[in-house]
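**Student:** I have a structure I would like to understand better, so I am pasting it below and will then ask my questions one at a time.
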Amino acid sequence: MVVEDYASWSHFLCSTLGQKQELRVVCVVSNGLDAVEKAKQLTPDLIMLDIGLPQLDGIQAARRILAFAPQSKIIFVSENRDLDIVEETLKTGACGYVLKSRAASDLLVAVEAVLAGGTFVSEHISL
């Protein structure tokens, strides 16, 4: 599932994920409340989640989603480099954090790591 409020980024994420035959985007939504509702209906294996979303921010959406679907893996995709924010996203139970400026090189690597049970944080962020 892709949760992104900018259409161009949403398209980029979907097309990048589509490069892997074994990945299928089951839903695309543009706000946090819709993300929670769709995650309840679909229980996706993987959720690509922006932080700055309308109606409900990505951090709050992640907390709600993981409360009822702890098996869903969440990777935040954001350009926010604030270490407090990055740490907060990972405290929700998310498994990854990809900088949008590094998404072309990091996104599929992050997906592979997270689906294999690991974690991923773009290297330009020091935790």
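No lab work stands behind these numbers, since they all come straight from the coordinates. Treat the numbers as computed from the prediction; the structure is a model and nothing was measured. As a convention, Cβ positions derive from the backbone with ideal geometry for all residues, glycine included, and neighbour counts pool all protein chains shown.
**Student:** Between a residue in segment 108-127 that is closer than 21 Å to Asp45 by Cβ and any residue that is of a type in the set (D, E, K, R) and in a loop (DSSP other than H, G, I, E, B), which pairs come within a Cβ distance under 7 Å, given they are 6 or more apart or on different chains?
**Tutor:** Note: pairs meeting the criteria are Leu108/Lys20.
**Student:** In addition: Take the residues of segment 40-83 that are within 13 Å of the chain's Cα centre (by Cα) and among the basic types (Lys, Arg): which is surrounded by the most Cβ atoms within 10 Å (Cβ to Cβ)?
**Tutor:** Lys73
**Student:** How many residues are more than 15 Å from Ser78 (Cα to Cα), surrounded by 16 or more Cβ atoms within 10 Å (Cβ to Cβ) and not aliphatic (A, V, I, L, M) when one looks only at segment 100-126?
**Tutor:** 0
**Student:** Considering only residues that are over 15 Å from Lys38 (Cα atoms), out of contact with any helix residue (DSSP H, G or I) (no Cβ under 8 Å at 6 or more places or on another chain) and not in a loop (DSSP other than H, G, I, E, B), which ones fall in segment 56-84?
**Tutor:** Leu83, Asp84
**Student:** If you scan segment 1-25, which residues turn out to be outside any strand (DSSP E or B), in contact with a Leu (Cβ under 8 Å, 6 or more places away or on another chain) and surrounded by 14 or more Cβ atoms within 10 Å (Cβ to Cβ)?
**Tutor:** Met1, Glu4, Asp5, Leu13, Thr16, Leu17, Leu23, Val25
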